[in-house]
Amino acid sequence: MTSVWLALSYLRARPLLNGLTALAVALGISIVVATTTLSKAARQSASETAGGYQLLLAAKGSQIQAVLSTLFFAEAPTGNIPIEIYEQVHADQGVTLAVPFNFGDSFKSHLIVGTTPDYLHLIRRNRRSSQQTLLKGRWPEHAFEASLGAAVARATGLTIGDTFTAAHGFVELPEDLSDHHKAQPYTVVGLLEETRAPTDRAIFTTLDTSWRIHGQFHDASSDAHDHEGRQITAVLIEGRGYADVARLNALMAQRMDVQPIFPGRTATQVLGYLQRGQSLVTSIAWLAALIACLGIMISLFAAAVERRRQIATLRAIGASRATVLGVMAIEGLFIAGLGAVIGVAFGRLMAVAIAWQLEQSNGYLLTIGQAGLAEISAIAVAMALGLLAGFIPALLALREDVAKGLAAMT
Amino acid sequence: MPDTAQTRVLDLSQNGGPAPIVEMSGLKISYRTGEMSFTVLDIDELALPAGLSIGLSGPSGCGKSTLLNLCAGLLRPTVGSIRVDGEELTGLGQGALDRFRAKKIGYVFQGFNLIPALSALGNVELPMRLSGSMPASLRRARAQELLDRVGLGTKARQKPNQLSFGQMQRVGIARAIAGHPRLLLADEPTASLEPGLGLSIVRLLIAVAKENSATLVVATHDPAVLTELDHTLTMSAINRAMEVSS
Amino acid sequence: MKNQIIVFFVSALMMGATMTSKSSAAMTRVKFTDFFVGETYQVGPGMKPEFNLSESIQALHGNTVEILGFMDGILPRDGMHFMLIREPTALCPFHTSSFDWAAFMPVFLSNSTEYIDGPIRIVGRLDVGQKTDEMGLVSYVRIYDASIARAQ
């Protein structure tokens, strides 16, 4: 107890130096915590979005692009596939859910997604619950009706009954150039509840809306689009079980106009690329934390030299070696612990701020999870290093003869 | 100058006075530097009576501090035996020696040696904390009481750097006596102070030692200080190592 | 005081050590090629070749075994079972017209998993014998109560 009291007195005697040393630890730990928290959130978001006995059928091309486009609404699609594929899997006994996607238009950089009411089932399953109403108003039934994701509604201020006109493609064109769809505005008929998932930043309409647009777009060539055949961008299916998904996968793999993709696997691959970058950042952050702990040791080494006579005095009036050792170890522990706790708090704050920034700028939604073992072990490691940082200078200081220390100038 | 009656080796077995607090016999402290070995302290027999104030006099380098450190258990003799308050120090391990020091020794230093991070009160509390066993309220009360005794009752919350030299040494005295030591050692307690101030400090030291029934041993080269004490030992008379060099 | 500090220190170090070390209890390591005797490659639909379960694999029925392999991409929503495959093929071997019976094995986990890229190590209770398993497939060898770890 005397060690703790003395350590705290010494710590209080140099608030600025100890505060700065703790701050250095806090900065290192905060980067460690921020990167691990964000990557955990990204992993969580990906696994919630791409899970289950799912198979994505999309045009040939990059699997990653297809998954990012269809499940995350974050990329241009790979191309189109014939509507017959949707009709075929929709009718299949082994398919419990088939959600078609049709991309083409956007409104103020929010993607307009043509789909069916089955998309609502997909959201429910991804949220692993079914009790939510999910929707205020109703799901679009006719072309040019729209339901808005929560983030879209928030950003645009649109509500049920409002109308808006979309831009063709994924880029908002200047007023002068974007006159194609002026003739046919969308009407908002529903507002989706917040899902903390990509759903929030998309606008949903019926599958045939984009076919109408194209019909209108190619008006000059009358009904030429009918000859091309109606197309969709992708279908996401969920199978009854392993065998059905495997069968459909084998079946679709034989076709030339479509490729089957396992979204979970592709999402994991994307996260794998991210992870490599993240682990590099995390190692550098740990290095910074380690250097900060070295800073504690340097500061305590200096203290040991400065307190040469004080240490001898303590010994002369009855302090044991363990007491003196304890004083400096506790000082190291306290500085590192304080730094680490501040670091964890600051790191999580940083993660929340970055997630918020991502949501504001890209509409990409990350839900920061509860603090857990990672944060506790970061604090524990920092404290162990701090303890060591106090221990070593104290051991060296205690090697000096007390009588010699008493005669010392400092 | 102290009179000749006081300047002698104290041999209490002949006087039949109080029991000795410190007994040394056949004690030597030698250092080895390369091939050379030299002895700084060589005491045949020495006994210091309990309850008195005793001065150790002699020029610097004559072994006064070494003798005090020996009594405090901070140095171990190369050969020989030293008993303090009946306890043979050469037989004690490091931990037992630490406990012995915390319990039986008070130490006043030339440079005061206060812990700058602690207040005056904290410094006085320190030895009581180190020896443990005293409840916090009693400990604090005694520390405050001792500060009152040395005339610094109102300075309890001050840090050492807010005190004058004289005040610092008063805190040093209060700290040294706080743990109820049997033996109060003072190494040149007045050497850093003005002569007049030094004398008042040494009178306080003697008074405080008496009040707490501690034996006081003061190493000093100041004759004015020696006159205040019950007895004076000149190092040249007890340290045979001195005879060789002088 | 001194002892307390040392105890704290040692336990901190030990905590770090146990985090990195792996439990290396006695268990048998099996390979896909250990499963069967005879030709296992099926050349077309309904053309199952003649093969039998090897004696060594039958002897391990009910034992804890370790096996290396890759995860097939088809995962249920609860992540409690999957198909372990011998090679990291882009397509699962099942229900293509021709495949090797000794190239896949159903694995039933005791804890939920997500898809893991790259080689994995499975430790669990070996179940031997032809049956229609909980994945609704006919299989000859499976692993229950399995734990999963990334293999180096």
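Taken together, the values in this text are just the output of simple stated rules run on the coordinates, not laboratory data. All values derive from a computational prediction rather than experimental measurement. A quick note on method: Cβ atoms are made from the backbone with ideal geometry, for glycine too, and the neighbour counts reach across all protein chains shown.
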Computed from the beta carbon distance with a Förster radius of 60 Å, FRET efficiency for residue B:87 and residue C:50 to the nearest 0.05 stands at 0.05
Note: A:232-245 gets an average of partner chain Cβ contacts (10 Å, Cβ to Cβ) equal to 3
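Which order do A:27, A:55 fall in if you start with the one that has the fewest other Cβ atoms within 10 Å?
With the fewest neighbours first, A:27, A:55 line up as A:27, A:55.
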quick note, the protein assembly as shown, DSSP beta bridge pairs, % antiparallel (nearest 5) is 70 percent
Given unit charges at Cβ for Lys, Arg (+) and Asp, Glu (-), the dipole magnitude of the protein assembly as shown about its Cα centre in debye, nearest 20, is 3180 debye
The size of the Cβ-based charge dipole (Lys, Arg +1; Asp, Glu -1) of region C:23-150 about the Cα centre, to the nearest 20 debye, is 140 debye
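Under the classification rounded if a/c is under 1.5, otherwise prolate if a/b is larger than b/c and oblate if not, where does region A:78-131 fall, given a ≥ b ≥ c as square roots of the Cα gyration tensor eigenvalues?
Values: a/c = 3.06, a/b = 1.12, b/c = 2.72.
Oblate shape, in that a/c is at least 1.5 and b/c is the bigger or equal ratio.
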Log entry: pair-distance distribution for chain A, C-alpha pairs binned every 20 Å from zero, whole % per bin is 23, 38, 21, 15, 4, 0
Checking region B:90-169 for trypsin sites (Lys or Arg not before Pro) in a loop per DSSP with at most 11 other beta-carbon atoms within 10 Å yields B:157
Cross-link reach from residue A:404 to aspartates and glutamates, straight Cα distance under 19 Å and at least 8 residues apart if same chain, gives A:306, B:98, B:187, B:188
Computed for chain A: size of charge dipole around the Cα centre, +1 on C-beta of each Lys and Arg, -1 on C-beta of each Asp and Glu, debye to nearest 20, value 2800 debye
Per-residue average of other protein chain Cβ atoms inside 10 Å, peptide B:69-81 -> 2
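Would you compute, from DSSP H runs of 4+ residues alone, the mean residue ellipticity of the protein assembly as shown at 222 nm, taking -39500 (n - 2.57) per run and dividing by the full residue count, rounded to the nearest 500? Display every interim value, and only then the final one.
Working: 26 runs with 355 residues, N = 808.
Estimated from H runs of four or more residues: -14000 deg cm²/dmol.
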Taking Cα atoms only, helix B:165-178 is inclined relative to the longest principal axis of chain B by an angle, in degrees rounded to 10, of 80 degrees
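Counting DSSP beta bridges in chain A, what percent are antiparallel, to the nearest 5?
Expressed as a percentage, antiparallel bridges in chain A total about 75.
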Descending packing, highest mean Cβ count within 10 Å first, for A:301-310, A:318-327 is A:318-327, A:301-310
Both in Å, the radius of gyration and Dmax of the C-alpha trace of the protein assembly as shown are 42.3, 137
Given the candidates A:58, A:29, A:117, the one whose Cα lies deepest towards the positive end of the charge dipole of the protein assembly as shown, counting +1 at each Lys or Arg C-beta and -1 at each Asp or Glu C-beta, is A:29
Ranking A:320, A:209, A:393 by how far each Cα lies towards the positive end of the charge dipole of the protein assembly as shown (+1 on Lys and Arg Cβ, -1 on Asp and Glu Cβ), the top one is A:320
Once the in-chain neighbours fewer than 8 apart are removed, the lysines whose Cα is under 26 Å from residue B:210 read B:64, B:103, B:104, B:155
Residue B:36 and residue A:255 label points (each 7 Å along its Cα→Cβ direction) are spaced in nm at 10.1 nm
Mean Cβ-within-10 Å packing, highest first, puts peptides B:179-192, A:185-198 in the order B:179-192, A:185-198
Per-residue average of other protein chain Cβ atoms inside 10 Å, peptide B:110-118 -> 6
In the protein assembly as shown, taking the dipole from +1 charges on Lys and Arg beta carbons and -1 charges on Asp and Glu beta carbons about the Cα centre, the listed residue (B:219, B:47, B:120) farthest towards the positive end is B:47
Largest fluctuation, B:60, B:133, B:37 only, Gaussian network model of chain B with Cα springs under 10 angstrom, belongs to B:37
